[in-house]
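See structure below.
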Amino acid sequence: NLGSPGYGTLHAMLALEQYLGAHPIEEVTEVTYLFNLFHEQRNIGDVYSLRIFKPAGETEIRSVPIATLDAQQKPVVVYTPMEPIWWISKWTHIGAIIEDGVKFITRLDRVRGARQATIAILERMNGICRARGARFSVAFIDIEDSAQAEYEKALRQRDIAFIDTKAKHYGPPQYRISDGHPTGALNQLIAKAIRDFVTSPWFDSAHHKQ
């Protein structure tokens, strides 16, 4: 994952830009992004995703990058300030519920555009790779069927390869730990699905017509 902290597609895009800008292209031939549906909300900075940002060591996080779209529907990175938790939320459950509701409503327009922003980010990542001679693909990990169908349609329209790893069909205890993260066995299956796809002879400009 290029050292991305795993917060979402936007952070992966920023890490990709930084990495490809610092390395000769012969070192990079394939880039596959592992996509989970909850990345949508992290990309636009909803109230729940912002809570996963924590200070590291002595560094205080004052703002975090989120994605918006410009007039041409291209992703633009902006920095939103970290908001302190309401003092009442620290002491009462009802206070936390009220805070969540207020912050959700104030971010409603942003939340509604989460999917379109995510698609735009994936398109940008594909462009970054192609400009440097690398091939880009999106591997679906945990995503609902209806959402995956919508993403597949969008990726086909943009000539972006995608891989259905079938990971969402594998559950605990063999393939998932208690919090839902994959076990080593599931990671092996995901890795094999990606390897089989990117090494197949038909992975070219028409790869999305699978």
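The values are calculated or read from the model by the stated rules, or taken from the named source; none is laboratory data. Computed from a predicted model, the values in this text were never measured in an experiment. Cβ placement follows ideal geometry from the backbone for every residue including glycine, while neighbour counts extend to all protein chains displayed. For the accessible areas, the whole protein counts, side chains as well, though only heavy atoms, and no ligand, DNA or RNA atoms are used. Shrake-Rupley method; radii C 1.70, N 1.55, O 1.52, S 1.80 Å.
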Review point. In region 15-33, is there at least one residue being among the acidic types (Asp, Glu), at pLDDT below 90 and out of contact with any helix residue (DSSP H, G or I) (no Cβ under 8 Å at 6 or more places or on another chain)?
Key: yes
The correct count of residues that are of a type in the set (Gly, Ala, Ser), open to solvent by 10 Å² or more (accessible area, probe 1.4 Å) and within 19 Å of residue 190 (Cα to Cα) in region 115-148 is 0
Of the residues in region 74-87, those that are within 21 Å of the chain's Cα centre (by Cα), open to solvent by 90 Å² or more (accessible area, probe 1.4 Å) and modelled with pLDDT under 85 come to 79
Considering residues that are on the phi < 0 side of the Ramachandran plot, at pLDDT 90 or above, part of a loop (DSSP other than H, G, I, E, B) and not basic (Lys, Arg), the number found within region 126-170 is 7
Over region 164-177, the set of residues farther than 12 Å from residue 143 by Cβ, crowded, with 16+ Cβ neighbours inside 10 Å and of a type outside the set (D, E, K, R) is 170, 175
